[in-house]
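For reference, the structure is listed below as structure tokens.
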Amino acid sequence: MPTRNTKFYSFILVLADFVVLLTAFTIAYILRVQHDDRPLLTPVYAMDYIWTVLTMLPFWIIIFAFLGLYSASIYNRRLFEWSRVFVATFVGVLILIGWEFVTEKTLFPARLVVFYAFAGSFLLVVLERELLRYARRILYRFGRGISRVLIIGNSEATKDIIQSLANTEKSGYRVVALAGPKRLVPVESGIKQFPSVDTALTQIEELHVTTIIQTDLYDSEDRNQRILAAAQSRHIQYNFIPGEAGFYAGKNTVDVFLGYPLITIHQTPLIGWGDIAKRIFDAVISFILIVVLSPVFLVLYLLQKILNPGPAFYMSKRLSRFSDPIRLIKFRSMDARYGGRDAAIEFREMGREDLAREYEKYRKVENDPRITRFGKFLRDTSLDELPQLFNVLRGDLSLVGPRPILPQEVTFNPSRTALLHSVRSGVTGLWQVSGRSELSFEERIELELYYARNWSFWLDIKILFKTVSVVFRRTGAK
């Protein structure tokens, strides 16, 4: 919710970034030209250098804006912001080098100036933004720049929003009143509760409300118009947040159709160019890994033939994107007699009703008697899943995504598993690296639905790095 305060903060960031970038380039020039006795590639006068930098810096600011560095949604996501700053400064330096090439005019008197400018820009911009973030929190702590909020609604989303905005020092919002049921007001929160919307609207000036958030539309159009008019007549901000999660999960686009606002709801942000980039990344990385790990594949294949007689690989029918069936490739870890039917049936035939119930609850068991000794080693080290790289290369799977489910699992919750498969299933995912091995099937679905609705390339990278850590430490979901 961009407010006047967040817009002002964005304006301050633009000015601060400009000054800091100019400082970084100036320091880079001084360090190499004035404090380094080695000869220069080409002499460049300081004023010419500074003037060119001043001319090019607006393009850097545009790059920062294009990457969302002046969007309110990034201000409290520190690591995400740092990664964007790194990309923006790298692209900015490339533009300067390209400018040199196209104009045939020398900007940098030495190659080391380029490195100093890049490193200095990244470090100083990160430092500057951390200082501004700290200063903003101090102002919030003293009540400066805070948006005082009246929330109107009676759904669970209303309660969730109240709780999310409770940390005023971080959010910049203070919920002062609720027009809705008393059960939604946290104990000892100091929030004034109004059972009637009309009564709440009469108290806007007294409570110094600067923002109205409505989460539920009323059946009466007149009542909805009174709420909007109350905000407009007092020149305060009005926001409508649909109480139904489906309206803000995934990726939404807003357009105009026949003069009316048209909201198109996509199941996942993984559409368009994001989907294409993810597929290219999967294909390139899986091919490299298959080539690099080919000796490991050969050794495991030979050991499988010696220690675990029977087929080296196990083909499991699973469902991936759009619930399309795929044949998942794994090194076989069970005795050759098992794995062809539902595990619960096989456990009951073994006389292990306890394991059948455990599997029906968690869709896995802690100590599976069907697994061979070598198979246990493969599972403990996650080496049994290496052949899935061929599934990734073929396009059946992604490196990161929801776990491919068994066909019979679709019937457990058809609507949710359908939404889950709006993205391609993955070799690893949010559930596998969560570190929580006692999740029920429904709880696992919740984690994977979060991934499908909130996908980002950065989230994929974090999951991949965490997967490496989990495999080496042998922790996480098994």
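Brief remarks on what is shown
- Cβ separations smaller than 8 Å between residues 6+ apart or across chains give the following pairs from region 283-296 residues that are among the small types (Gly, Ala, Ser) to residues that are part of a helix (DSSP H, G or I): ALA283/VAL392; ALA283/LEU393; SER286/LEU389; SER286/PHE390; SER286/VAL392; SER286/LEU393.
- When residues in region 182-224 are screened for being more than 15 Å from LEU165 (Cα to Cα), at pLDDT 85 or above and hydroxyl-bearing (Ser, Thr, Tyr), 3 of them pass.
- Any hit, region 19-41, residues being exposed (fewer than 13 other Cβ atoms within 10 Å of the Cβ), outside the structural domain of ASP460 (by TED's automatic domain parsing) and among the acidic types (Asp, Glu): yes
- Counted residues, region 1-33 - those being among the aromatic types (Phe, Trp, Tyr) and either assigned to a loop (DSSP other than H, G, I, E, B) or at pLDDT 90 or above (or both): 2
- Test: residue in region 95-106 that is assigned to a helix (DSSP H, G or I) and in contact (Cβ under 8 Å) with a residue 40 or more places away in the chain: yes
- Residue within region 138-158 that is of a type in the set (Phe, Trp, Tyr) and over 29 Å from HIS208 (Cα atoms) present: no
- Within region 373-385, tally of residues that are buried (at least 19 other Cβ atoms within 10 Å of the Cβ) and either closer than 16 Å to PRO404 by Cβ or not assigned by TED's automatic domain parsing to the domain that holds ASN308 (or both): 2
- Long-range neighbours under 6 Å by Cβ, at least six apart or interchain, first residue in contact (Cβ under 8 Å) with a residue 24 or more places away in the chain within region 370-381, second polar (S, T, N, Q): ILE371/SER333; THR372/ASN308; PHE374/ASN308; GLY375/SER333; LEU378/SER333; ARG379/SER333
- When PHE66, PHE80, PHE11 are checked against the criterion of being among the aromatic types (Phe, Trp, Tyr) and surrounded by 15 or more Cβ atoms within 10 Å (Cβ to Cβ), a single residue qualifies: PHE80.
- Among residues that are touching a residue at least 24 places away in the same chain (Cβ under 8 Å) and assigned by TED's automatic domain parsing to the domain that holds ASN391, PRO311 is included.
- The strands (runs of 3 or more DSSP E) found entirely in region 151-232 that carry 1 or more residues being within 26 Å of LYS7 (Cβ to Cβ) and either in contact (Cβ under 8 Å) with a residue 12 or more places away in the chain or within 29 Å of the chain's Cα centre (by Cα) (or both) are 173-179, 211-214.
- Residue match in region 69-83 (condition: touching a Pro at 6+ places or on another chain (Cβ under 6 Å) and in the same structural domain as ARG136 (by TED's automatic domain parsing)): yes
- Matching option when the condition is out of contact with any Ser or Thr (no Cβ under 6 Å at 6 or more places or on another chain), surrounded by 15 or more Cβ atoms within 10 Å (Cβ to Cβ) and not assigned by TED's automatic domain parsing to the domain that holds PHE194, among LEU123, LEU94, LEU131, LEU112: LEU112
- In summary, ASP342 fulfils each of the numbered conditions (1) closer than 16 Å to TYR451 by Cβ; (2) at pLDDT below 85; (3) of a type in the set (D, E, K, R) with the single exception of condition (1).
The values are calculated or read from the model by the stated rules, or taken from the named source; none is laboratory data. Predicted, not measured: the structure shown is a model, and the values here were computed from it. Ideal geometry is used to build each Cβ from the backbone, glycine not excepted, and the neighbour counts take in all protein chains shown.
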